[in-house]
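K.L.:
Below you will find the structure I want to go over with you.
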Amino acid sequence: MTVPQSNIFIIIACLLFLAGCALRKGVVTSQAEQKSYDLLLIAYDNGDGRAFRSLLPELTNRNISWHVIAFGPAADLFEPGENITILNQQVSAQEALKWKENRRQQLPDQVIQLLLDKIKPRILITGMAHAEQARLTSLWWQQGVWTIAFYDNYESPSEQGWVQPWLEQKPPVEEIFVPSARLSKSFPESISRSKGISVVAHPTLKEWDETIKRSHPEVLRESLKLGSQPVVLIAGGYDKGYQNSLTLMAEAASLRPNLQWLVVPHPRNKGEFERALLNSDNPPPFQLIENEPTVRLAGIADLVMTHRSTVGWLTSQLGIPTLFVRPEAPPEHLANNRITMVNSVSSLLNGIHRELDNPSHSSIPARIKELPHISDIIQKRLNPGPGKPMQIDYVEDVGQ
C-alpha cells in the first residue's frame, strides 16, 4: 500500500515540530548561535546543584547573566530552559543512569564540543563531584575563562570519596570557594592558581534561613499529625556508614519513644535503609517523610541528627541543636561546639538528654557571623576596577 504524498508531508511536518519542541527545552544543538554569559555554573550532584540553584536569584538581582549545565543527580533539580542545559536529555536513559552511578563516566565528546561552541562565559564555577566537571573546567580554562571550584561540603576532602575523581583530574582553577574556615587549609595551595581559597557563605544556608523564617511551623505540625513532644529530625544518607549510624539512632529511638522521630531519606537512597528497619520485627518509632522538603522539617525540629549530611552543618549554623552519629569515629565537638559527634547508643542518649531534657546545658551558641556571598565575589571579579583585569597565566603542563 502506498502512502499519499500529502500524508508524507504531514508526517514530516509533525516530526519537525516535535524536534523543535525538544530543542527549545534545553537541548544544545549545532545550529544554536554562541551566546555570552557572565557566569557558567556546572552542577552534577545534589549538593552543588542545590547550592547553585539557591544562588540564581541573587545573580539575577545583580544583573549577572548566567547559564547552568546540569547532569547526573543535579539534572532533577532544574527545569530546562533558555539558560539551563540538562545533559541527561542529550543521551539515552541508560547512559544518563551511568552518570548518576559513576562519578568517572565520560560525557560524549560531541556533546562537550557543542557546549564549548555555544556557551561563552567570562567566569565558570564548577562543583567538585564528578571527573567530567573537571574536564569541562580545563577545556573552558583553555579558552581564557576564569575558573572557580566550589566545594559544597563541610567535611575535609581527604575524608570524602565523592570528590576524589575530580581531584585526580587536577583541573586548572584560579580560586576555590569553601563554606567554612576550617576547610581553608584542607586543599594544597598548588590547586588554586591565582586567588587562593576563599571562605564564602554556603548559598543553601541563606535559602534555608529565609525559608524557615517565612514558614508556618504550626501548619506543618498539624499536617504531620504531630503532638507537643519534642521533634527529632534524622537527615538520611546513602552509604554503609549512614546505615550503621541509622541502626544506632533506631536503638536510641526505641529507648526514647516519648520523642517524635521524623526521618527524611536521601534522594540517592529513596528510603531503602529506613524501610528495612520499619519492616523489621522490632521497628523503631520512626515516621518516614518523603513528601516534604528537608528545610521545612528542620524548621520544626528541636534536634537534628545525621551521619555526614550537609544538612547537619546547615542546621548547626542556624542555631538548631545538631548531633552527628558516627560509630566509626571518636566522640568530639565540631564547629566551635555547634555540633556534638557521638558514636554509641549511650553517647547518643546523653546528647539527646543534654539538648532536649536539660537545654540549659546545651552547647549551641548563637548563629554565626555572615560570610561573603558568592554573588558579591563574582561581581567584583566581573568589575575589578581600572588596571585590575582578571588575568590567566597560561602554562603548558596543566592537568599533568
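The values are calculated or read from the model by the stated rules, or taken from the named source; none is laboratory data. The model shown is predicted, which means the values in this text are computed figures rather than measured ones. Heads up, the Cβs are rebuilt from the backbone with ideal geometry, glycines too, and the neighbour counts pull from every protein chain shown.
K.L.:
Report, by residue number, each residue of the range 252-266 that is crowded, with 16+ Cβ neighbours inside 10 Å and either at positive phi or of a type outside the set (A, V, I, L, M, F, W, C) (or both).
P.N.:
R256, Q260, P265, H266
K.L.:
Which condition breaks for F17 when tested against (1) at pLDDT 95 or above; (2) not in a loop (DSSP other than H, G, I, E, B)?
P.N.:
Just one mismatch for F17, condition (1).
K.L.:
Next question, about the same structure. Which residues, taken from the range 193-211, are among the aliphatic types (A, V, I, L, M), touching a residue at least 60 places away in the same chain (Cβ under 8 Å) and in a strand (DSSP E or B)?
P.N.:
Residue satisfying the conditions is V199 alone.
K.L.:
If you don't mind, there's one more thing I want to ask. State yes or no: is W99 within 22 Å of H266 (Cβ to Cβ) and of a type in the set (F, W, Y)?
P.N.:
The answer is yes for W99.
K.L.:
Quick check, is I300 at pLDDT 95 or above, touching a strand residue (DSSP E or B) at 6+ places or on another chain (Cβ under 6 Å) and farther than 22 Å from R326 by Cα?
P.N.:
Numbers: at pLDDT 95 or above: yes; touching a strand residue (DSSP E or B) at 6+ places or on another chain (Cβ under 6 Å): yes; farther than 22 Å from R326 by Cα: yes.
Against the criterion (at pLDDT 95 or above, touching a strand residue (DSSP E or B) at 6+ places or on another chain (Cβ under 6 Å) and farther than 22 Å from R326 by Cα), I300 qualifies.
K.L.:
Continuing with the same structure: Residue by residue through the range 143-156, note down the ones that are surrounded by fewer than 19 Cβ atoms within 10 Å (Cβ to Cβ) and without any contact (Cβ under 8 Å) to a residue 60 or more places away in the chain.
P.N.:
Answer for the range 143-156, where residues must be surrounded by fewer than 19 Cβ atoms within 10 Å (Cβ to Cβ) and without any contact (Cβ under 8 Å) to a residue 60 or more places away in the chain: Q143, S156.
K.L.:
For the range 252-360, list the helices (runs of 4 or more DSSP H) that sit wholly inside it and hold at least 3 residues that are touching a residue at least 40 places away in the same chain (Cβ under 8 Å); which are they?
P.N.:
It comes to 294-298, 310-317, 345-352.
K.L.:
Let me ask you something else. Return the only residue of H216, H307 being on the phi < 0 side of the Ramachandran plot and either crowded, with 18+ Cβ neighbours inside 10 Å or in contact with an Asp or Glu (Cβ under 6 Å, 6 or more places away or on another chain) (or both).
P.N.:
Only one candidate passes the filter, namely H307.
K.L.:
Another question about this same structure. Select, from Y44, Y37, the only residue that is modelled with pLDDT of 95 or more, in contact with a Lys or Arg (Cβ under 9 Å, 6 or more places away or on another chain), closer than 15 Å to A129 by Cβ and surrounded by 14 or more Cβ atoms within 10 Å (Cβ to Cβ). Write out each step before concluding.
P.N.:
On the way: Y37 fails: closer than 15 Å to A129 by Cβ.
Testing whether each residue is modelled with pLDDT of 95 or more, in contact with a Lys or Arg (Cβ under 9 Å, 6 or more places away or on another chain), closer than 15 Å to A129 by Cβ and surrounded by 14 or more Cβ atoms within 10 Å (Cβ to Cβ) leaves just Y44.
K.L.:
Name every residue in the range 207-240 that is under 19 Å from the mean Cα position of the chain (by Cα) and either under 21 Å from I352 (Cα atoms) or of a type in the set (K, R) (or both), in order of residue number.
P.N.:
I234, A235, G236, G237, listed by residue number.
K.L.:
All but one of (1) crowded, with 22+ Cβ neighbours inside 10 Å; (2) within 12 Å of I234 (Cα to Cα) hold for D302, so report the exception by its number.
P.N.:
Checking D302 against (1) crowded, with 22+ Cβ neighbours inside 10 Å; (2) within 12 Å of I234 (Cα to Cα), the one that fails is (1).
K.L.:
Go through the range 230-251 and count every residue that is part of a loop (DSSP other than H, G, I, E, B) and either modelled with pLDDT of 95 or more or among the acidic types (D, E) (or both).
P.N.:
Residues of the range 230-251 part of a loop (DSSP other than H, G, I, E, B): 230, 236-239.
Then drop every residue that is not either modelled with pLDDT of 95 or more or among the acidic types (D, E) (or both), which leaves 230, 239.
Summing the residues that are part of a loop (DSSP other than H, G, I, E, B) and either modelled with pLDDT of 95 or more or among the acidic types (D, E) (or both) in the range 230-251 gives 2.
K.L.:
For V200, are the conditions met, namely being more than 18 Å from the chain's Cα centre (by Cα), modelled with pLDDT of 90 or more and crowded, with 17+ Cβ neighbours inside 10 Å?
P.N.:
Values: more than 18 Å from the chain's Cα centre (by Cα): no; modelled with pLDDT of 90 or more: yes; crowded, with 17+ Cβ neighbours inside 10 Å: yes.
The answer is no for V200.
K.L.:
Another question about this same structure. Hey, can you tell me all the residues within the range 340-381 that are closer than 21 Å to R308 by Cβ, at pLDDT 85 or above and within 24 Å of the chain's Cα centre (by Cα)?
P.N.:
T340, M341, listed by residue number.
K.L.:
Look through the range 167-192, keep the residues that are surrounded by 16 or more Cβ atoms within 10 Å (Cβ to Cβ) and assigned to a helix (DSSP H, G or I), and return whichever of them is modelled with the lowest pLDDT.
P.N.:
So, considering only residues that are surrounded by 16 or more Cβ atoms within 10 Å (Cβ to Cβ) and assigned to a helix (DSSP H, G or I), the one modelled with the lowest pLDDT is I191.
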